[in-house]
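Asker: Here it is: the structure, laid out below.
The values are calculated or read from the model by the stated rules, or taken from the named source; none is laboratory data. These numbers come from a predicted model, not from an experiment. Cβ: placed from backbone, ideal geometry, glycine included. Neighbour counts: every protein chain shown. Surface areas here come from the heavy atoms of the whole protein model, side chains and all, with no ligands, DNA or RNA. Shrake-Rupley method; radii C 1.70, N 1.55, O 1.52, S 1.80 Å.
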Amino acid sequence: MFCSKDFSLGGFNFTIRPCQPEDDLATYRNMFIANDCMINIGKEREDEDMIKCGEEYCRGAFKAELSSYDALMKVFGNNDSVFWVLVDRDSNDIVGSVALERKDGNMGELRRMVTSHKYRRKGVGTAIVRFLLDYAKSKGLIKVNLSTPAVNIPGIKMYEGAGFLHTGDENYPLSDTVSVGIRKLSYDLQSHLL
């Protein structure tokens, strides 16, 4: 079954492939912070609370599965769960990521979706999501869910354009003092033709 794919979009050549032990996770973490939607929207709005939410979110991710390759593999290295990196084949830089975490039964969760600013609004995010949905369907999943900050309007529009439906909103605590509004979306693999 496929787990990698080469494609070209917007004048760029990409490979999406599973994360490897030799991948530089420190560089990846820097890209992740630089492209976090809450940090960037907070800066645009001059909203210090939103920036703090983004920073708290990133700290939590780095303490958990993004702390090391081994930690990443504990979450995404089994049961059809995969953490993919998007590599610009011309520069060999990691410029994005997406993960599928298989949940109970035939459910999956799209996680850790990020694309560097340079590659946005060119169809790259949609191509990554389509790749993940094709993989999920090939593994017998019937539904893929995701959660994203409610302020991530461009991301929400991209997910909805790919066929995800809004299923609810909630307030998610990042720490004892910081919480963020979350939009929940779902894609029914049985009712969509990919």
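Asker: For the range 38-80, how many residues are in contact with a strand residue (DSSP E or B) (Cβ under 9 Å, 6 or more places away or on another chain) and surrounded by 19 or more Cβ atoms within 10 Å (Cβ to Cβ)?
Answerer: Taking the range 38-80 first, the residues in contact with a strand residue (DSSP E or B) (Cβ under 9 Å, 6 or more places away or on another chain) are 38, 41, 50, 53-54, 56-57, 61, 65-66, 72-73, 75-80.
If we keep only those that are surrounded by 19 or more Cβ atoms within 10 Å (Cβ to Cβ) as well, we get 38, 41, 50, 53-54, 57, 65-66, 72, 76.
Summing the residues that are in contact with a strand residue (DSSP E or B) (Cβ under 9 Å, 6 or more places away or on another chain) and surrounded by 19 or more Cβ atoms within 10 Å (Cβ to Cβ) in the range 38-80 gives 10.
Asker: For L72, are the conditions met, namely being within 16 Å of the chain's Cα centre (by Cα), farther than 25 Å from V151 by Cβ and at pLDDT below 85?
Answerer: When the stated conditions are applied, L72 does not pass them.
Asker: Yes or no: Y119 open to solvent by 40 Å² or more (accessible area, probe 1.4 Å) and among the aromatic types (F, W, Y)?
Answerer: Details: open to solvent by 40 Å² or more (accessible area, probe 1.4 Å): no; among the aromatic types (F, W, Y): yes.
Judged against the criteria, Y119 is not a match.
Asker: Separate question: Just for the range 138-164: of the residues that are assigned to a helix (DSSP H, G or I) and open to solvent by less than 40 Å² (accessible area, probe 1.4 Å), which one is farthest from E55 (Cα to Cα)? Steps first, please.
Answerer: The initial filter retains those residues of the range 138-164 that are assigned to a helix (DSSP H, G or I), namely 138, 153-161.
After this cut, where a residue has to be open to solvent by less than 40 Å² (accessible area, probe 1.4 Å) as well, the list is 155-156, 159.
Details: G155: 18, I156: 20, Y159: 23 Å.
Here the residue is Y159.
Asker: Looking at the range 16-37 only, could you name the residues that are open to solvent by less than 60 Å² (accessible area, probe 1.4 Å) and closer than 13 Å to T115 by Cα?
Answerer: Correct list: I16, Y28, R29, M31, F32, A34, N35, D36, C37.
Asker: Further question on the same structure: Specify the residue that is least open to solvent (accessible area, probe 1.4 Å); the eligible residues are those in the range 82-110 that are polar (S, T, N, Q) and touching a residue at least 24 places away in the same chain (Cβ under 8 Å). Give the steps one after another, and end with the answer.
Answerer: Residues of the range 82-110 polar (S, T, N, Q): 91-92, 97, 106.
Keeping just the survivors that are touching a residue at least 24 places away in the same chain (Cβ under 8 Å) gives 97, 106.
Numbers: S97: 2, N106: 69 Å².
Only one residue tops the list, namely S97.
Asker: Any idea which of G140, G125 is farther than 24 Å from D23 by Cβ and not hydrophobic (A, V, I, L, M, F, W, C)?
Answerer: Details: G125 fails: farther than 24 Å from D23 by Cβ.
Answer to the check: G140.
Asker: Has the range 165-176 got at least one residue that is without any contact (Cβ under 8 Å) to a residue 40 or more places away in the chain, open to solvent by 70 Å² or more (accessible area, probe 1.4 Å) and outside any strand (DSSP E or B)? I'd like the intermediate steps shown before the answer.
Answerer: Filtering the range 165-176 down to residues without any contact (Cβ under 8 Å) to a residue 40 or more places away in the chain leaves 165-173, 176.
Still in the running and open to solvent by 70 Å² or more (accessible area, probe 1.4 Å): 165-167, 169-173, 176.
From what is left, the residues that are outside any strand (DSSP E or B) are 176.
Within the range 165-176, one or more residues are without any contact (Cβ under 8 Å) to a residue 40 or more places away in the chain, open to solvent by 70 Å² or more (accessible area, probe 1.4 Å) and outside any strand (DSSP E or B).
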